[in-house]
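Everything below concerns the one structure shown next.
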Amino acid sequence: MAERTYDDRGLYRRLWGEARGFRAHLAGLFLLGLVTAPLALLLPLPVQVIVDVVLGEAALAPALAALVPTSWATDPQILLQVAAWSIVGLAVLIQLGDLAVWIYKTWVGEQLLLRFRARLFDQFQRLSLGFHHSQGTADAMHRLQVDATSIRSVSVYGVIPFATSLVKVIALALVTALIDWQLALVALGAGPIVYALTELYRGRLRRRWKEARESESSALAVVQESLGAVRVVKAFGQEARESARYQTHARSNLRATLAAVRAHATFDLWVGLATGVCAAAVLYLGARHVQDGRITLGELLLVLAYLSQMFTPLRDLGTRLADVQSALASATRVFSVLDEQPEVVERADARALDRAVGRITLRGVTFGYDPARPVLDKLDLEIPAGSCVGIAGRTGSGKSTLLGLLPRFYDPQGGAVLLDGVDLRDLVLADLRRQYGIVLQESVLFSTTLRENIAYGRPGATPAEIEQAARDAAAHDFISALPDGYDTVVGERGSGLSGGERQRIALARAFLRDAPLLILDEPTSALDTGTESLVMDALERLMAGRTTFMIAHRLATLERCDVRLELEDGGVRVTRRSE
């Protein structure tokens, strides 16, 4: 899959679209974030009152005098106490406001992220096998767990705080201008500088963080691959080699991350320098204004307090714009998946299918993972319903590929596969796949109870039906001998069970599915002779009356089949039992 490129505006628009249903909450977050703005404006006032009125000789401002009794306004000691308690009260209110914002922000962010991850996971489920084979599991996990957080980072922790900070900067600048417009103008001079720095560093930050995300995904792929093959690693004594391989990828990720952090830190340095220079200019000019009698010392302290509050969100504006580039790099990786189209698509007018008879026809079927090198070339085949078809051929001849075409894991590049005379592409995909029971060489079990594993293809099955399927698969006895019986929880991929036990659970799943067609991909190749005999007896019962396609390397296994297919060089040699 080639990574697509998106501009900032397109990504913001897409993320805003994904936030549909949460926009009222995002607006609420914005408004709640503004609640503390008036409190921030009031917080420095008690200091100004103490300096100019309590310690100086100025009179209390008329607006403030109207809020307190006359006796208080003329008593410095009472005003000192009121000012001190006001600071405490305002600090408590600001903390409560921040707490409310934090709780609400967490709830909205996690809900939004949950829905976005669910949508991405659904897309992974919808995409064809070819996509997953090319991308790998680790990359999908990274996009789902790490890159998907971009919607929370941008919407909840990026845009909303940015907008809130912008409003606070404007409010503080206006109030400062009422006291001394020249000081306000000097302070706002940092704004254009921060904007110019953001435009200068935006593309660089995006590229650096994208490289960091991709290298992080590569390191995770090594972990997933090595731990998934830990038996092989230990068998060949290659622990040190795998550790070195991981460290190589991890160091690459470290270098990419440090490059991104350096670019981010450089940006922050210039933003801090710009606001620092403006703050120094305000302090110098403000001191001169006090000396000239334009403002009082208390008013200067008030202005400096406001400007301190203004420079913090002003720096935050730049920092958040830089942080958002990291999130947008992740959003690019997510939307590349969401925009990916599955290779196997269900037609709008697809026909429903209840239960197939089981007749399979291949008409000029051509397929290759690389279209220039077809694995199957103009294959013609007619399989009557209820037949047992044995498939043989050297590795890479197309055996598993042929089986993958039957339930439409892939579509042929030429020709058509028909079920009961109907092109598979004309059938509802879910209905088609419900016609197949599948048993693979390596049985896939999930980390849940044996009961749920058996009923995986038919979740509504009764306990009696599940037990009967286990008996048919010769699995009931060993399941009953377990301490928790059918409620025994198996580990990842069925750890804790032997290969033969896992295979019989897979057979029980196929019995319970009761599908008219079976796909058996070397179901006994990894079993010992005794276990193979037990499994083959169960397979004989399972195949009765069903159209069965079975890959097997042992000739004795294929001899019981009605039709044998020998695949070689894209073609097929058909041998029927009567021949």
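Computed packing ranks the peptides 238-249, 170-181 as 170-181, 238-249, most packed first, by mean other Cβ atoms within 10 Å.
Excluding Gln435 itself, what net charge comes from residues whose Cβ is under 12 Å from its Cβ, given Lys and Arg +1 and Asp and Glu -1?
Numbers: positive: Arg355, Arg359, Arg408, Arg433, Arg434, Arg513, Arg546; negative: Asp354, Asp420, Asp431, Asp514.
It works out to a net charge of +3.
Relative contact order of segment 419-523, taken over Cα pairs closer than 8 Å and 6 or more residues apart, is 47 percent. Cα gyration tensor of segment 394-498, axes a ≥ b ≥ c as square roots of the eigenvalues: rounded (a/c below 1.5), prolate (a/b > b/c) or oblate? In terms of gyration-tensor shape, prolate.
Restricting to DSSP H runs of at least four residues, report the calculated mean residue ellipticity at 222 nm for the chain, -39500 (n - 2.57) per run over all residues, nearest 500 deg cm²/dmol. Display every interim value, and only then the final one.
On the way: 23 runs with 350 residues, N = 579.
Using -39500 (n - 2.57) per qualifying helix, the result is -20000 deg cm²/dmol.
Suppose R0 equals 60 Å. What FRET efficiency, 1/(1 + (r/R0)^6) with r the Cβ-Cβ distance, do Gln224 and Leu34 give to the nearest 0.05?
On the way: r = 45 Å, r/R0 = 0.75.
Plugging the Cβ-Cβ distance into 1/(1 + (r/R0)^6) gives 0.85.
As a calculated quantity, the FRET efficiency between Gln238 and Val277 at R0 = 60 Å, using C-beta atoms, amounts to about 0.55.
Arrange the following residues from fewest to most other Cβ atoms within 10 Å of their Cβ: Ser153, Ser447. Each step should come with its number before you reach the end.
Numbers: Ser153 21, Ser447 13.
With the fewest neighbours first, Ser153, Ser447 line up as Ser447, Ser153.
Set against the labelled values (1) 28.4; (2) 29.8; (3) 25.9, Kirkwood radius over Cα pairs in Å computed from this structure falls on (2).
Taking amide H as placed 1.01 Å from N in the peptide plane, Ile551 has its amide H under 5 Å from the amide H of Ile391, Leu520, Asp521, Glu522, each at least 5 places away in sequence or on another chain.
At a 10 angstrom cut-off on C-beta neighbours, averaged per residue, how do the peptides 95-102, 268-275, 401-408 rank from highest to lowest?
Values: 95-102: 13.8, 268-275: 17.5, 401-408: 21.0.
Descending mean neighbour count gives 401-408, 268-275, 95-102.
Taking the DSSP beta bridges in the chain as the whole, what percent of them are antiparallel, to the nearest 5? The antiparallel fraction comes to roughly 50 percent. Backbone amide hydrogens, once placed in the peptide plane, bring Cys388 within less than 5 Å of Thr548, Asp562, Val563, excluding anything fewer than 5 places away on its chain.
Within a straight-line Cα-Cα reach of under 28 Å, Lys210 can be paired with the following lysines, leaving aside sequence neighbours fewer than 8 residues apart in one chain: Lys105. So how tilted is helix 8-18 from the main axis of the chain? Cα-based, degrees 0 to 90, rounded to 10. Helix 8-18 sits roughly 70 degrees off the main axis of the chain.
Put a dot 7 Å past the Cα of Trp107, heading toward its Cβ, do the same for Arg294, and the two dots end up 4.8 nm apart.
Which length gain, in nm to one decimal place, applies between Gln125 and Glu559 when the Cα-Cα distance is subtracted from 0.36 nm times their residue separation? Walk me through the intermediate numbers first.
Details: separation 434, 0.36 × 434 = 156.24 nm, distance 3.77 nm.
Taking 0.36 nm per residue and subtracting the Cα distance, the gain is 152.5 nm.
Given segment 74-180 reduced to its alpha-carbon atoms as identical point scatterers, what log10 I(q)/I(0) does the Debye formula return at q = 0.13, 0.15, 0.16, 0.24 Å⁻¹? Debye output, listed in q order: -0.74, -0.85, -0.90, -1.22.
Straightening the chain between Glu199 and Asp423 buys 75.1 nm, computed as 0.36 nm per residue apart minus the Cα-Cα spacing.
Would you mind calculating the gained length between Leu55 and Arg115 on full extension (0.36 nm times residue separation, minus the Cα-Cα distance), in nm to one decimal? Walk me through the numbers before you get to the answer.
On the way: separation 60, 0.36 × 60 = 21.60 nm, distance 5.78 nm.
Length gained, Leu55 through Arg115: 15.8 nm.
Going 7 Å from the Cα of Glu566 along its beta-carbon direction, which residues of segment 377-394 have the amide nitrogen within less than 12 Å of the resulting point? So the set is 392-394. Hey, what did segment 360-576 get for relative contact order, percent, Cα under 8 Å, at least 6 apart? It comes to 31 percent, rounded to a whole number.
For Asp7, project a label point 7 Å along Cα to C-beta. Then give me every residue of segment 132-156 with its amide nitrogen under 19 Å of that point. No residues fall inside that zone. Taking 14 Å as the straight-line reach from the Cα of Lys378, the aspartates and glutamates in range (excluding those fewer than 8 positions away in the same chain) are Asp411, Glu568, Asp569. Between 0 and 90 degrees, the angle of helix 499-513 with respect to the longest Cα principal axis of the chain falls at about 90 degrees.
Each Lys or Arg adds one and each Asp or Glu subtracts one; over the other residues with Cβ under 9 Å from the Cβ of Arg573, this totals -1.
For the chain, the longest principal axis of the alpha carbon atoms and the long axis of helix 239-291 meet at an angle near 20°.
Where a number appears in this text, it was derived from the coordinates with a stated rule and is not lab data. The structure displayed is predicted, hence computed values, not measured ones. Neighbour counts run over all protein chains shown; Cβ positions are idealised from the backbone, glycine included.
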